[in-house]
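Take a look at the structure set out below.
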Amino acid sequence: MNTLENLYSRKSIRSYNGENITEAELKEILKAACAAPVGRAKYETLTLTVISNADYLSRWEEATAVFADAPGLHPFYGAPTVILVSSIVPPAPQDNVSYSNAAIIVQNMALAAVELGIGACHIWGAVRALNESPELIRELNLPDEMVPCCAIALGHMDEKYVLRAVQDDRIRTDYMR
């Protein structure tokens, strides 16, 4: 698949068949994460945590449902693996770099997932809930100063990625010439 086909096929997958990704697929997705550009090449400010422990994911989902006041919420949609991206987050105004780095890393992993035919969904709200749950954070054994920023849910799916028409005017675009 070429890059533009990959971009125009990518979408959030919210239905998984329960089959986990293989070690080879995980390795490729993690390699894509490591290929992401990071502000000032400060890769040491980031940590990836691969979570496939069903009990932990279930408790994280429960904490998210309580946080969001949405009983029955399942923000991972049955995906058997979630990769959490954490970063050292400096005070404002530099904090946006940490979140931008994490988002770019997740997008790289999502694009690799499309190439491999693996379902992927960016995770934001559940990460916000995670940050409000000190007991769940402790279980992650993150290095000091690391703050969960965003995540990606991954797993096999029954659907296929297909090239879709993308409206080129979906986002307001202003020009300053």
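The values are calculated or read from the model by the stated rules, or taken from the named source; none is laboratory data. What you are looking at is a predicted structure, and each value in this text was computed from that prediction instead of being measured. Counting neighbours? That spans all protein chains shown, and the Cβs are built from the backbone with ideal geometry, glycine included.
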Inset, instruction - Would you mind listing the helices (runs of 4 or more DSSP H) fully within segment 82-177 where at least 3 residues are surrounded by fewer than 15 Cβ atoms within 10 Å (Cβ to Cβ) and free of Cβ contacts under 8 Å to residues at least 12 places away in the same chain? - result: 134-140
Legend entry - Residue match in segment 32-46 (condition: more than 23 Å from residue 146 (Cβ to Cβ) and either at pLDDT 95 or above or not in a helix (DSSP H, G or I) (or both)): no
Legend entry - Where a residue in segment 1-28 is on the phi > 0 side of the Ramachandran plot and of a type in the set (Gly, Ala, Ser) and its partner, wherever it lies, is surrounded by 15 or more Cβ atoms within 10 Å (Cβ to Cβ) and assigned to a helix (DSSP H, G or I), with Cβ under 9 Å and at least six apart: none
Legend entry - Selection within segment 52-71 - touching a residue at least 60 places away in the same chain (Cβ under 8 Å), touching a Leu at 6+ places or on another chain (Cβ under 7 Å) and of a type in the set (A, V, I, L, M, F, W, C): 60, 63
Inset, instruction - Output the residues belonging to segment 1-59 that are surrounded by 15 or more Cβ atoms within 10 Å (Cβ to Cβ), within 23 Å of residue 89 (Cβ to Cβ) and among the hydroxyl-bearing types (Ser, Thr, Tyr). - result: 45, 47, 49
Inset, instruction - Return a yes/no flag: does segment 59-67 have any residue that is under 24 Å from residue 158 (Cα atoms), assigned to a helix (DSSP H, G or I) and charged (D, E, K, R). - result: yes
